[in-house]
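Undergrad: Have a look at this one.
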Amino acid sequence: MKKYEIMYIVNASLEDAARQQVMDEMHKVITDREGSIDKVDEWGVKEFAYEINHMNKGYYVVINVTANNEGIQEFDRLTRINPNIVRYLIVKTQGEE
């Protein structure tokens, strides 16, 4: 298992319940594949430096996870096709334990 930091931006125009559902679904991808969510840091709604997909704001979320390759690859795949995820970044913070 490796440690990762994942930052993703959720569409800011979603209602609170819908946004929480999107976040729970994305976190479930990691936990369903033997990973764990170590820390969730919600930054809230922030202005973009430039317009992305006709949007000027997004809801930023940063999570620290411990996951295997399968969990990270599935998270990556699902964030690419989820229309409510504007952008995301996955960074490996630590190697094998």
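Undergrad: Out of Ile30, Ile9, Ile37, Ile72, which single residue is touching a His at 6+ places or on another chain (Cβ under 7 Å) and on the phi < 0 side of the Ramachandran plot?
TA: On the way: Ile30 fails: touching a His at 6+ places or on another chain (Cβ under 7 Å); Ile9 fails: touching a His at 6+ places or on another chain (Cβ under 7 Å); Ile72 fails: touching a His at 6+ places or on another chain (Cβ under 7 Å).
Result of the check over Ile30, Ile9, Ile37, Ile72: Ile37.
Undergrad: Here's something else I'd like to know. Applying the selection to the stretch 46-89, what residues are closer than 16 Å to Asp16 by Cα and surrounded by 14 or more Cβ atoms within 10 Å (Cβ to Cβ)?
TA: Narrowing the stretch 46-89 to residues closer than 16 Å to Asp16 by Cα: 46, 57-61, 84-85.
If the condition is that a residue be closer than 16 Å to Asp16 by Cα and surrounded by 14 or more Cβ atoms within 10 Å (Cβ to Cβ), then Lys57, Gly58, Tyr59, Tyr60, Val61, Asn84, Ile85 are the ones that fit.
Undergrad: If you take the residues in the stretch 1-59 that are among the β-branched types (Val, Ile, Thr) and touching a residue at least 60 places away in the same chain (Cβ under 8 Å), which one is farthest from Lys92 (Cα to Cα)? First the steps, then the outcome.
TA: Our first condition is that a residue be among the β-branched types (Val, Ile, Thr); within the stretch 1-59, this holds for 6, 9-10, 22, 29-31, 37, 40, 45, 52.
Narrowing further to those that are touching a residue at least 60 places away in the same chain (Cβ under 8 Å): 6, 9-10, 22.
Numbers: Ile6: 9, Ile9: 18, Val10: 21, Val22: 23 Å.
Once the filter is applied, the top-ranked residue is Val22.
Undergrad: Sticking with this structure for a sec: Do you know which residues across the stretch 4-40 are of a type in the set (Ser, Thr, Tyr) and surrounded by 20 or more Cβ atoms within 10 Å (Cβ to Cβ)? Before the answer, list the steps.
TA: Going through the stretch 4-40, the residues of a type in the set (Ser, Thr, Tyr) turn out to be 4, 8, 13, 31, 36.
Selection gives Tyr4, Tyr8.
Undergrad: Here is a further query. With the requirement that a residue be under 16 Å from Met7 (Cα atoms) and hydrophobic (A, V, I, L, M, F, W, C), what does the stretch 33-51 give you? Show your work before the answer.
TA: From the stretch 33-51, those under 16 Å from Met7 (Cα atoms) are 36-48; that's our starting set.
Within the stretch 33-51, Ile37, Val40, Trp43, Val45, Phe48 qualify.
Undergrad: When the residues of the stretch 50-88 are filtered to those that are outside any strand (DSSP E or B) and among the basic types (Lys, Arg), which remaining residue is farthest from Ala12 (Cα to Cα)?
TA: Keep residues of the stretch 50-88 that are outside any strand (DSSP E or B), which gives 53-54, 68-84.
Remaining after also requiring among the basic types (Lys, Arg): 77, 80.
Numbers: Arg77: 21, Arg80: 17 Å.
This residue is Arg77.
None of the figures in this text is laboratory data; all of them are computed from the coordinates on show. Keep in mind that this is a model prediction, so the values were computed, not measured. Please note: Cβ atoms are built from the backbone with ideal geometry, for glycine as well, and neighbour counts cover all protein chains shown.
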